[in-house]
Every structure is written in structure tokens, then in C-alpha cells.
Amino acid sequence: MNPAVWSAVFGTLVVAGLIGAVLALRPRPVREPVARRPSALARRVRATSSRTRLVLVVSIGGGLLLALLTGWVAAVLILPAAALGLPYLLAAPPTAATVRRLEAMEEWTRNLAGVLSSGVGLEQAVTATLRSTPDAIKPEVTALVARLRARWDTEQALRAFADDLDDVTGDLIVANLILAAQRRNRSLANALQGVAESVSEDVTSRRKVEAGRAKPRGSARLVTMFSAGVLVWLAFTGDYIAPYGTPLGQVLLVGLLTAYAAGLLWMRKMTEGKPLPRFLGPVAKAGAR
């Protein structure tokens with residue numbers, strides 16, 4: 001190669017090396033590491049309980065073992081889905097907890113009406129009922145008393161109390177308390193007694209509705225347990241499920257089980273019912289605009 005070309009190449013490399021050295025020696029500001037927000041999947045995994053994680057790991061391990069021993073690859077999907085989904089689909093919805101909270105609101109309202117009938121002020125009466133408050137709503141009443149002791153405005157403290165209860169019955173109780181706080185009406189005790197009677201009737205009607213809803217849930221639970229037992233028995237005693245061992249059969253089996261689970265989910269949604277809309281709080285204000 002021409003010596004002039006070599007000289008040009010070497011000169012270019014030397015200049016490039018000098019430029020790189022200058023850039024490398026320049027001081028740069030230290031950048032603080034940016035904390036990455038965990039993904040939605042990571043947040044859900046962290047939110048799950050240790051028992052749920054254990055059930056998931058054991059069911060996936062059992063599905064993999066069954067797939068290796070029998071060739072049923074669908075077991076890797078069926079076992080975890082059954083282990084996590086069936087307890088949710090067949091369990092009773094949290095209506096009992098709602099009824100207990102309503103009973104607690106009724107008892108607390110009666111206690112508050114009894115204290116107010118002695119002639120004390122609203123703030124002092126609420127504080128006096130803290131010790132006898134039922135456990136179902138004691139955290140909410142404790143927060144209300146703490147706000148009143150911290151010199152919150154009574155109406156603002158009551159509205160925050162309604163948001164903590166997050167129930168239309170709580171809104172009804174708080175609405176009467178707000179009117180009493182604004183007008184300092186001495187007939188509040190009688191009004192609260194009427195509210196307590198209304199809440200008692202609501203609890204009775206909800207118990208009747210829940211008793212009617214429990215019947216189809218019990219029937220579905222019985223049919224599901226019987227069907228699962230029969231399928232397990234046939235799997236070990238006969239060739240009834242042999243056609244489902246093929247790849248196409250496993251796809252059909254997953255589809256049939258998915259349809260059955262969808263039916264259970266639909267039935268659960270039908271028996272849950274919808275809570276009545278609240279008339280206090282930011283959501284109610286947004287809906288009124």
C-alpha cells in the first residue's frame with residue numbers, strides 16, 4: 001500500500017485516540033439512579049398472600065408432575081386454575097360482613113341516641129360511645145373521635161366518617177348528624193332512634209335475601225364437588241376420559257372446563273347484588289354535576 005495512505009490512516013487513528021481521551025477525561029455530573037416503578041404484574045404478585053402463593057406453586061408443581069407422568073399437558077393449566085378459582089367461585093360472597101357492619105351501625109346509632117338524650121353535645125356524645133362501639137365499625141368511629149379531638153370542623157369530620165363507612169346506611173346516619181351539627185337540634189335523639197329502626201329493618205330484609213341466594217350457591221357447590229369426584233374416579237377406574245388424552249381432546253377439555261367456570265362466575269355475580277349508590281362523598285358529588 002502507498003506509504004502516504006498508511007500515514008493518513010495512522011494520523012486519523014492518532015487524532016481519534018486523542019479526541020477519545022479528551023472526552024473520557026471530561027468531568028460529568030453524577031446522575032442519581034432513577035427508581036423504577038414495579039409493573040402491574042409485580043404489584044399484584046406482592047399483594048397476594050403467602051398462602052395463595054404456596055397454593056399456586058404447589059398446584060403448578062403438581063400439574064407439571066402429572067404432565068410428565070401421564071402426558072396430560074392441560075393439567076399444568078387446569079390444576080392451578082382449579083386450586084385458585086374454585087374456592088372463590090363456590091364461596092359465599094362477603095355479604096355476611098356487610099350485614100355485621102349494618103348491625104354495628106344500628107347498635108352504635110342507638111347508643112348515640114341514648115347518650116344524646118341525656119343532654120350532652122354531639123361531639124361529647126360521639127366520644128362517649130367509643131368504648132361501647134361494636135368491633136365491626138370501631139376503626140371508623142375511632143378515626144371520627146380522633147378528628148373531633150384534633151379540632152376538626154364537625155361537619156368535615158362527619159363527612160370523612162361517612163367516607164370511611166362507605167355505605168348508604170352510613171350516609172343516612174351521617175346526614176342526620178350533620179343536620180344536627182348545623183342546627184343544634186335537640187330532637188336528634190328521636191331522629192336517630194328512627195334511623196336505627198330503619199337500619200334494623202334493612203338488616204332483616206338483607207338476611208332474608210341472603211338466605212334465598214344461598215340456596216343456588218349450595219346446589220352449585222354440591223354439583224361441582226360431585227362432578228369432580230366422578231371425574232377423578234373415572235380417571236383411575238376406566239377409559240371414559242381416554243379420548244381427552246389426545247391433543248385435541250385436551251383442548252376440548254380446557255374449553256369445557258372454562259365454560260363451566262364461566263357459568264359459576266356468572267351465577268356468583270348474579271347472587272352478589274349491587275350496593276345502593278351513596279348520596280354523600282366525592283363520588284356522589286361528581287354524579288350530581
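Observations on the model:
- With the convex hull drawn over the C-alpha atoms of the stretch 118-207, the volume per residue is 98 Å³.
- Which of 120, 168, 145 has the fewest Cβ neighbours within 10 Å, and the rest in rising order: 120, 168, 145
- Length released on extending from residue 248 to residue 65, taking residue separation times 0.36 nm less the Cα-Cα span: 63.8 nm
- Kirkwood Rh in Å, taken over the stretch 146-192 so that all alpha-carbon pairs contribute: 11.0 Å
- From least to most packed, judged by other beta carbons within 10 angstrom and beginning with the fewest, 78, 60, 173 follow the order 60, 78, 173.
- Dipole size of the stretch 104-206 about its Cα centre, with +1 on Lys/Arg Cβ and -1 on Asp/Glu Cβ: approximately 580 debye, rounded to the nearest 20.
- Sorted on the mean count of surrounding Cβ atoms within 10 Å across their residues, most packed first, peptides 128-140, 214-226 read 128-140, 214-226.
Rule-based calculations on the coordinates, nothing more; no lab input. These figures come from a predicted structure and were not determined experimentally. Virtual Cβ from ideal backbone geometry, glycine too; neighbours counted across all protein chains shown.
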